[in-house]
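Below you'll find the structure, written out as structure tokens, and then a few comments.
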Amino acid sequence: MSSRSIYRTLRPVLSSSVLSSGLGTGHGINGHVISHLPTIRFFSSDTPSSTTGNRQPENPVRTADGKVISTYWGIPPTKITKPDGSAWKWNCFQPWDSYKPDVSIDRKHMCHAMLLETVAAVPGMVGGMLLHLKSLRRFEHSGGWIKALLEEAENERMHLMTFIELSQPKWYERAIVFAVQGVFFNAYFLSYVVSPKLAHRITGYLEEEAVNSYTEFLIDIDAGKFENSPAPAIAIDYWRLPKDATLRDVVFVIRADEAHHRDINHYASDIQFQGRELKEAPAPIGYH
């Protein structure tokens, strides 16, 4: 039996099944309309063209405006429109692939701050230690940079001590600190040995990220998304804050510290970028 005979036999069945499935009349997804032709028309595979070597449809399917549909099965491409009737112009995703983002995720600022400070306190200690050993080997002064970097490390550690008073870390957060500190300390140590100016530049950008994080913390406190609880005693004594200071006051002064650390490390990198050593420029000491 030829393919044309098979087609003539199955055509009523195929047409009725297509119409009953709803493809013939069009259907919508999430308010988007998808249009199809009323029937599916199969072309014969053994009807040669009279003019070319390509096989042509026996009865070409035409749209409402008279255009011939050239697809093999005689089905026009789906036409998807938005709820307002305009055409859907994206071919990289379809309407049913779109979604609404969940913006109600809880911002765990305390957890973020604690983990950030455990990392941020490492560069100053590593830099101060290596400059200390360099000073001993060369029998020379450091220009105050040992004290400046160790002071930075101590200040970052006090940030951590403050946040621990506000929120006790969980066991898995402590485990993360072990892993991150072990990797970061060794990586930063090697980078400082190879290129101190690169190490200080990395720290400068790390501190910039801390400034941005604490800025978002302040925004959430002002918006009422995070409770503005009373400041812990350790923060009031360390930063000499008023007795009625709040969490916002603490975050504000911590952000100022991070901004100073950012500027100091970029300054240190600039000095070495100019081909000089740190001892040749005065270190910013006692800025807290």
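Any read-out appearing in this document is the output of simple, stated calculations on the displayed coordinates, not a laboratory observation. Keep in mind that what you see is a predicted model, and the values were worked out from it rather than measured. A quick note on method: Cβ atoms are made from the backbone with ideal geometry, for glycine too, and the neighbour counts reach across all protein chains shown.
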All-pairs Cα distance distribution in the range 79-219, expressed in whole percent, bin size 10 Å: 10, 30, 23, 14, 11, 8, 3, 1
State the Cα centre-to-centre distance between the range 218-244 and the range 126-172 in whole Å. 24 Å
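Under Stokes-Einstein, with the Kirkwood radius over Cα pairs standing in for Rh, what whole-number D in µm²/s applies to the range 181-223 at 4 °C and 1.567 mPa s?
Working: Rh = 11.8 Å.
In µm²/s, the coefficient rounds to 109.
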In terms of the alpha carbon gyration tensor, root eigenvalues a ≥ b ≥ c, rounded if a/c is under 1.5 and otherwise prolate when a/b exceeds b/c or oblate, the range 127-185 is oblate
Quick check for you: which residues of the range 153-196 have the amide N under 17 Å from the point 7 Å beyond the Cα of residue 138 toward its beta carbon? 192-196
A 23 angstrom limit on the alpha carbon distance is what I want to check against. Which of 147/197; 170/243; 108/197; 147/279 exceed it? 170/243; 108/197
Under 17 Å from residue 79, Cα to Cα: aspartates and glutamates that are on another chain or at least 8 residues apart: 65, 97
Under unit Cβ charges (Lys, Arg +1; Asp, Glu -1), what dipole magnitude, rounded to 20 debye, does the range 78-222 have relative to its Cα centre? 620 debye
Within the range 137-181, list the chymotrypsin sites (Phe, Trp or Tyr not before Pro) lying in a DSSP loop whose Cβ has at most 14 other Cβ atoms in a 10 Å radius. 139
Would you work out the charge dipole size for the range 172-288 about its Cα centre, treating the Cβ of every Lys and Arg as +1 and the Cβ of every Asp and Glu as -1, and quote it to the nearest 20 debye? 320 debye
So if the hydrodynamic radius of the range 226-288 is defined as the Kirkwood radius over C-alpha pairs, what does Stokes-Einstein give as its diffusion coefficient at 37 °C and 0.692 mPa s, in µm² per second? 238 µm²/s
Give the Debye-formula value of log10 I(q)/I(0) at each listed q (0.13, 0.16 Å⁻¹), with one equal scatterer per alpha carbon of the range 153-266, two decimals each. -0.60, -0.88
